[in-house]
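A short write-up of the structure that comes next.
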Amino acid sequence: MAAYAAQMNVQTGCGATWCRYFPTTLKGFALIWFNKHVPNGSIKSYNELEKLFTSQFAAARRPQKTSVNLIAVRQGETENLRNYIKRFNEEVLKIHNLKEKTKFATLLAGLQPDDFKFKLIVSGVSNLEEAMEKAQMHIQATNICKINWGGERGTRQKQKPN
């Protein structure tokens, strides 16, 4: 419904037009239901149509994600920081009205207890933006070290400094 409303807002602000075009976006069971249960002229406003439609198909809606879903995003034992940050950011985008403090706290809680997490805490980082900057720097440094110390792409095999 939100996607339809956004598209129609671009076209016109007229509620009657929204109601007339709405059935053209339906298919399958939704179209059958609409044709069977919504007689012509029975809907007085788009809000009424939206309520009727969403109440009929409420069970089919995907549940909205919350901060609880974000808490479940944890860095795997062998997962690199880049992949964890990517998964974390993808999940953040699925959650509406998420507070910055919650994002930062869940990012920190989801990190493996390793060098990066320790340095992040010691450095006094206190918000998500700073944490993401440090993560990016750490990822870049890790990539450079892989090249210089014979990692995935390197050929020289030296012992890493302690």
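The values are calculated or read from the model by the stated rules, or taken from the named source; none is laboratory data. Since the structure is predicted, the reported quantities are computational estimates derived from the model, not experimental observations. Cβ placement follows ideal geometry from the backbone for every residue including glycine, while neighbour counts extend to all protein chains displayed.
Would you say I144 is out of contact with any helix residue (DSSP H, G or I) (no Cβ under 8 Å at 6 or more places or on another chain) and either exposed (fewer than 12 other Cβ atoms within 10 Å of the Cβ) or at pLDDT below 95 (or both)?
The answer is yes for I144.
Determine if the range 36-43 includes at least one residue that is closer than 12 Å to A5 by Cβ and either buried (at least 16 other Cβ atoms within 10 Å of the Cβ) or not acidic (D, E) (or both).
Among the residues of the range 36-43, not one is closer than 12 Å to A5 by Cβ and either buried (at least 16 other Cβ atoms within 10 Å of the Cβ) or not acidic (D, E) (or both), which makes the answer no.
Among helices (runs of 4 or more DSSP H) lying entirely in the range 12-102, which contain 3 or more residues that are under 26 Å from the mean Cα position of the chain (by Cα)?
46-56, 67-71, 81-93
Is it the case that some residue within the range 18-33 is modelled with pLDDT under 80 and surrounded by fewer than 10 Cβ atoms within 10 Å (Cβ to Cβ)?
no
Looking at this structure, is E129 free of Cβ contacts under 8 Å to residues at least 40 places away in the same chain and over 30 Å from Y21 (Cα atoms)?
Yes, satisfied.
Which one is surrounded by the fewest Cβ atoms within 10 Å (Cβ to Cβ) among residues in the range 77-105 that are of a type in the set (S, T, N, Q) and under 24 Å from A141 (Cα atoms)?
Top of the filtered list is T78.
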